[in-house]
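The values are calculated or read from the model by the stated rules, or taken from the named source; none is laboratory data. Quick caveat: nothing in here was measured; it's all calculated off a predicted structure. Note: ideal-geometry Cβ built from the backbone for every residue, glycine included; neighbour counts use all protein chains shown.
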Amino acid sequence: MIDAAKRELFAERGIVKLDRLIAASVLAPARDLVYARLRSAGAWRDGRWIHGTDPADLKGCVKSLKNRSKSALFQRLLTAEVKAAAHSLVGHAPLVEMRPQMQLLFTPPNASAWAVPHNIWHLDVPRLAATSLPGVQMFTFLDEVEPRGGGTLLVAGSHRLLNGQGTMSSRRVKNRLKREPYFRDLMDRHAAHRERFLHETGEVDSVALQVAELHGQPGDVYFTDLRLLHSLGPNAAAMPRIMVTQRFLLETASKELEHAYVKGR
């Protein structure tokens, strides 16, 4: 499942993909629940997204779906195979499943054109003082997510920057990275030809950097380093983006993270 080549790729880029890791039979009940709720909100009919859905109805529907992601249907997506892969990537060290558990990520079709965003680049957890991997995050798809279909965007390689420089909040990490031309350009609203970030490789401190877009088939699973800078992607496809994510924190990093949150408050 996680061989030497995948471990090397994960160490270098902070991202690795495992195709069809979750069985279709496990995914189907959670996917059916999502589409049933969308139908009741008038957003889904005859296998198609209804663009004229009342925004208030859609907002209520999405809130309901996110609450339902706590149900057993979503918890079952955290299979033995998923847990085994996560443990393998951290050298089989003890892991803590962070809250919220099995979080639903939903983006309706919301863009007529697609581009790599300049804003909302962030980290979900503070950058810890330790230089080692603090944990991993898994993403899976309940239905196909096409390229430019709202999938999460990450800067591959960014986990290798700013290590050993103390605990930093997401905002501080972003401000520090913006001192570098690559990130300053990435976060510049006026930068042209923004799709180039998907195809061109930048460099900071001899670390190769490239924006990666998470897209794939139902049951495909991505694992990412928790230190990767990432952002929301616009959805220029005809289908909603329906993904589920779970963060795993190394048990040894949990006390340091708790201290970082207390210090931040």
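Among the residues of the range 34-45, those that are in a helix (DSSP H, G or I) and free of Cβ contacts under 8 Å to residues at least 60 places away in the same chain comprise Y35, A36, R37, R39, S40. Scanning the range 120-154 for residues that are closer than 26 Å to L77 by Cα and of a type in the set (V, I, T) yields V125, V136, T140, V145, T152. So I22 ticks every box in (1) exposed (fewer than 13 other Cβ atoms within 10 Å of the Cβ); (2) not in a helix (DSSP H, G or I) but one. Which box is left unticked? With respect to (1) exposed (fewer than 13 other Cβ atoms within 10 Å of the Cβ); (2) not in a helix (DSSP H, G or I), I22 is out only on (1). Among the residues in the range 26-33, are any assigned to a helix (DSSP H, G or I), at pLDDT 85 or above, touching a His at 6+ places or on another chain (Cβ under 9 Å) and not polar (S, T, N, Q)? The answer is no; no qualifying residue exists. The numbered conditions (1) within 13 Å of the chain's Cα centre (by Cα); (2) assigned to a strand (DSSP E or B); (3) under 23 Å from L9 (Cα atoms) are all true for I242 except (3). Scanning the range 63-102 for residues that are hydroxyl-bearing (S, T, Y) and under 19 Å from R37 (Cβ atoms) yields S64, S69, S71. Taking the criterion of being touching a residue at least 60 places away in the same chain (Cβ under 8 Å) and β-branched (V, I, T), the residues of the range 97-139 that qualify are T107, V116, I120, V125, V136.
Selection of the range 51-96 for residues being assigned to a loop (DSSP other than H, G, I, E, B), surrounded by fewer than 19 Cβ atoms within 10 Å (Cβ to Cβ) and either under 17 Å from the mean Cα position of the chain (by Cα) or in contact (Cβ under 8 Å) with a residue 60 or more places away in the chain (or both) yields A93, P94. Within the range 153-212, track down each residue that is at positive phi and surrounded by fewer than 18 Cβ atoms within 10 Å (Cβ to Cβ). G164, G166, H193, D205, S206 - these are the residues of the range 153-212 that are at positive phi and surrounded by fewer than 18 Cβ atoms within 10 Å (Cβ to Cβ). In the range 13-28, the residues that are within 12 Å of E81 (Cβ to Cβ) reach residues that are aliphatic (A, V, I, L, M) and in a loop (DSSP other than H, G, I, E, B) with C-beta atoms within less than 8 angstrom, at least six apart or across chains, in these pairs: L18/M1; L18/I2; L21/M1; I22/L77; V26/L77.
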